[in-house]
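**Student:** Take this structure first; my questions come after.
Read-outs throughout are calculated quantities, based only on the coordinates presented, and are distinct from any laboratory measurement. Keep in mind that this is a model prediction, so the values were computed, not measured. Virtual Cβ from ideal backbone geometry, glycine too; neighbours counted across all protein chains shown.
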Amino acid sequence: DKQNGKTSKASNLASKAMSGIGKAAKTAFKVAAVGAAAAATGIGVITKQALDAYSSYEQLKGGVETLFKDSAGTVLADAQRAYREAGVSANSYMETVTSFSASLINSLGGLSFPKKLLASLFQSVTTRTAGFFTIPQEALKPTTILVCLFLMFIGGSSISTAGGIKTSTAALLFLSARSTIAGTSHVDVFHKRIPHETIKKALAVTIVSLFVLLTMTVLLYELEGGSMLDIIFEAVSAIATVGLSRNLTGSLHLPSKLIVILMMYLGRIGPISMAVIIGKRQKKALISYPTEDITVG
């Protein structure tokens, strides 16, 4: 009897244990089911958000391509780097850029002719050395950019804080070319004769500036790639100490930024220092060589 009682108790304990295991298994199954449902819901929400974000991205991308045309690639590349460098999503970046640029372009388009003329005049003046702008530079047409490059490279007047090779240097080159075409042996202007040494200084400043500009432009393009027009605009703006950019400066890598800094220093002190050095190093030739005519052109 005692043995039967012990067996009955053991059987009851085993039954209770199995019942507990069954309840635990049911609870675990319910928890797993709830977790799977929650995960499925979360995945669905994430998928919907991703699809909505991608749809917005494609719409904003189309707006950028329509607004900026040839420069759209630069804006899209900046948008891709916006989150990594500033924590701003590509969609937010493109939305901000397109809305700002569109408002400026629309405001210019709605101006009267005198106000358009004033905006164009301001653009021509700011390319000399000011650095301010009322029109996004990346929205300008290539022909307008070429004119801006020409104005930036010439810069302002001599003995001023403006950059570039200076207006007097460009004027001397033009007058020298005019006198050569006219067949005169001297450069005369306003009843005054310009010394040949001054013409040589102007030519030396221009050639050296062009050489530095070409070298730095090639380096920038090899480091950054992208639009050559944007790279040239960046280089000319730096060497002429203008301060304008086609939305490229902020996206440059460190080596390219160092090149831009170097160009700004060279553009600021280079032409002036070179003109002073040339002026001080005038030496009287001890030997006179025979003249040799060379075919030009």
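**Student:** Under the classification rounded if a/c is under 1.5, otherwise prolate if a/b is larger than b/c and oblate if not, where does segment 199-239 fall, given a ≥ b ≥ c as square roots of the Cα gyration tensor eigenvalues?
**Tutor:** Working: a/c = 3.95, a/b = 2.66, b/c = 1.49.
Judged from the Cα gyration tensor, segment 199-239 comes out prolate (a/c at least 1.5, a/b above b/c).
**Student:** Of the peptides 231-240, 249-258, how do they stack up when ordered by the mean number of other Cβ atoms within 10 Å, highest first?
**Tutor:** Details: 231-240: 26.3, 249-258: 13.8.
The peptides rank, most packed first, as 231-240, 249-258.
**Student:** Using Cβ counts within 10 Å as a stand-in for footprinting exposure, how do Tyr289, Tyr265 rank, fewest first?
**Tutor:** Starting with the residue having the fewest Cβ neighbours, the order is Tyr289, Tyr265.
**Student:** For the residues Ser209, Ser89, what sequence is obtained by ranking on other C-beta atoms within 10 Å, fewest first?
**Tutor:** Going from sparsest to densest Cβ surroundings: Ser89, Ser209.
**Student:** Of Met263, Met216, how do they rank once you tally other Cβ atoms within 10 Å and put the fewest first?
**Tutor:** Going from sparsest to densest Cβ surroundings: Met216, Met263.
**Student:** Give the long-range amide H neighbours of Val187: residues separated by 5 or more places, or on another chain, with amide H under 5 Å away, using H modelled in the peptide plane at 1.01 Å from N.
**Tutor:** Ile194
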